Every structure is written in C-alpha cells, then in structure tokens.
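Report on the structure given below.
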Amino acid sequence: MPGSSGVSQLVDRHPSVTPERLIAQLVPPPTFADVSFDSYRPDPAEPSQAAAVRACREFCEQAVTRRAGKKRLFGKRTVLPGVGLYLDGGFGVGKTHLLASMYYTVPAPKAFATFGELTQLAGVFGFTECIDLLADYVLVCIDEFELDDPGNTTLISRLLSALVERGVSIAATSNTLPEQLGEGRFAAQDFLREINTLASIFTTIRIEGPDYRHRGLPPAPEPLSDAEVAARAAEVPGATLDDFDELCAHLASMHPSRYLTLIEGVRAVFLTGVRPLDDQNVALRLVSLTDRLYDAGIPVVASGAKLDTIFSDEMLAGGFRKKYLRAMSRLLALTAAGHNGRIIT
C-alpha cells in the first residue's frame, strides 16, 4: 500500500518463501547473470587474480570428473568424493564473479546460494532431507561463507562433509580463512573440530587487489533532505520510500531469507532519516538487506547520515568487522548509483 507520498513502501510488504521458491532461488543473483571466466578482467598488477582464474577452471574440470565417478566392471561407477575450493580475499576483488563463473561452467544439477540461504534450506527441509536434495549435484556454490553461531558451525560442517562424501564439489567465497571462521563471534575454540573439518574440505586460493567498486568513484554523496528524497522517489516507477527506523523494525519481523522476495520488482530504494546504529542485531539485518540490494543491482538514495557511516567504531572493531566493511563497500556503490540515476551492472 502506498504511503502518504503515493510511493510504495517496503514496510507494507509481507513476503513468504515456499520450499519450492527456496530451491528456485539457488542461482546466481541478477548482477552476475551473464558473467564468465572470459569476462573476468584480472588486474595486471595483481598476479593472484589471473592465478585464481586458472585454479577455478581446473576446479570445474575436477568437479565434473569426480561427479562422473570411477568406472568399474559391468559399467558400474564408484562414487568419488567431491573437491572443495575456497576463494579468500578482500572486498571487490571479483570473488563472486568467479564463483558464478564456476556455476555456469559445470553442468546441472548445481546450486548457488548465500551462506544464509544454505542454512535456511537445511532448516526448511531438515538436515537429512537437505543432503538427499543436493546429493546428486555436481557443484554447490556458497557465497560469503561465514559462521555466526555455534549451531551453524555444527550444521554446515556436517552438511558439507556429507555432500563431499557423496561426490558433490563445494566452492565458496569469504573474507576469512577457513580455519579462522567464527573467530571473535563465539567461543570458536569449543568448535575446533567442526571448523577444522570445514578447513580440510577446501583448497584455499587467495585473491589480492583493491576494491573494484571504488575505482574512480567519488566519496559517498552528501545525503539529500527528506523532501528531496520523497520528490525523487515519486519520479521513479517501481521505487519504494521508507523511514529508516520503520524499515529496520520491519526487517526484524521476518527471516533474512525473505529479504530477496521483499525487494522483488523494486526499481530503487529511497530512505529518510538514516542514522548511526547502536544495536548489532539491527545492523546485521541491514547487512543482509544490503547484500540482497547489491545482488539485485537496486540503487539507494537516502537522507540523514551517510549510509557508509552507520556502523559504529565498536561494531567495526568487533567480530563482525568484515561483514560491516563489506556492507559499507556495497552501500557506497549503491548510493553512488542512486545519486547518479543509474543501476549497478
């Protein structure tokens, strides 16, 4: 239902996600719908980027071979364990581009999911059923691999180990080395077995380089006034206009797996009253929404505080530091696109 300005609001949307929809969502986001290894442009000054492309190509060949199994007498084939590749690097070095390229290179069945989507899939279908669902896949891609709590650590460790044993290969991206997952977020030393199990699955490839999103971009634009934001929102078909605090409260009413459906069909997001956050739960939900907005290429225009200044120094010094820095990087790109009147591609 439109707000008083006549523009639709995200807070009026109450999306639901069926199990069938969860499975249908297991594909790369629209921003990476047309990428390939050939369209990845390694920085000549960063040789690790070209090396990563070669490693990803080789991994795809291995994944297909492992899925085919080893031929035995009478035409039967034995199952070979899958292989794992872990792309570690800073923000904006092209990890998701390479992950999506791997997805498009191998034959079906295959899946591409964020870490949150994968845990949600296991929660909806159940642990055993989730293994059965993915057991015949050639490849499962996991973007932004992160362990936020002990429950997820145990769940994902068991899930991925079982899939690899059944011949599924796993490719993942993250800003944290596998053996360091969970550090600063919970008592990681109590879950070293699970963390070490995850680390043993992967061969780690480090990708160096500056954040491509910031190459040639000016600093974050100065926020507009509330009236200017509302006026611009009214000029954009398919835009939404929300008060920042009201939107944050609305995000708390649903699981982050619904955020993709929440912004479905939205052309641009306009926000009024943006302010620094003092609640980490609110901040983490905003990070999840930012990821979905960035994946969908939806620009943001806001009033109030600059969107790359909303995470406190305390948050940026804590265990979720890399999450917040990634969100700031993406918000900078989204606000630049919003103020320039263009869509991220």
Where does each of 99-108, 327-336, 225-234 land if you order them by average Cβ count within 10 Å, highest first?
327-336, 99-108, 225-234
Quick one: length gained pulling residue 18 to residue 36 fully straight, 0.36 nm per residue minus the C-alpha distance?
3.5 nm
Pick out, from 50, 109, 68, the residue whose Cα sits farthest towards the positive end of the charge dipole of the stretch 40-116, with +1 on the Cβ of Lys and Arg and -1 on the Cβ of Asp and Glu.
68
Can you tell which of 329, 263, 277 lies farthest toward the positive end of the dipole of the stretch 226-340, using +1 and -1 charges on the Cβ of basic and acidic side chains (Lys, Arg; Asp, Glu)?
329
For the stretch 1-65 and the stretch 284-317, distance of Cα centres in Å:
18 Å
If packing is taken as the average count of other Cβ atoms within 10 Å, what order do 163-169, 12-18 fall into, highest mean first?
163-169, 12-18
Length-normalised contact order for the stretch 8-91 - Cα pairs under 8 Å, 6+ apart - percent
15 percent
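Read-outs throughout are calculated quantities, based only on the coordinates presented, and are distinct from any laboratory measurement. If you're wondering where the values come from, they're calculated on a predicted model, not measured in any experiment. Counting neighbours? That spans all protein chains shown, and the Cβs are built from the backbone with ideal geometry, glycine included.
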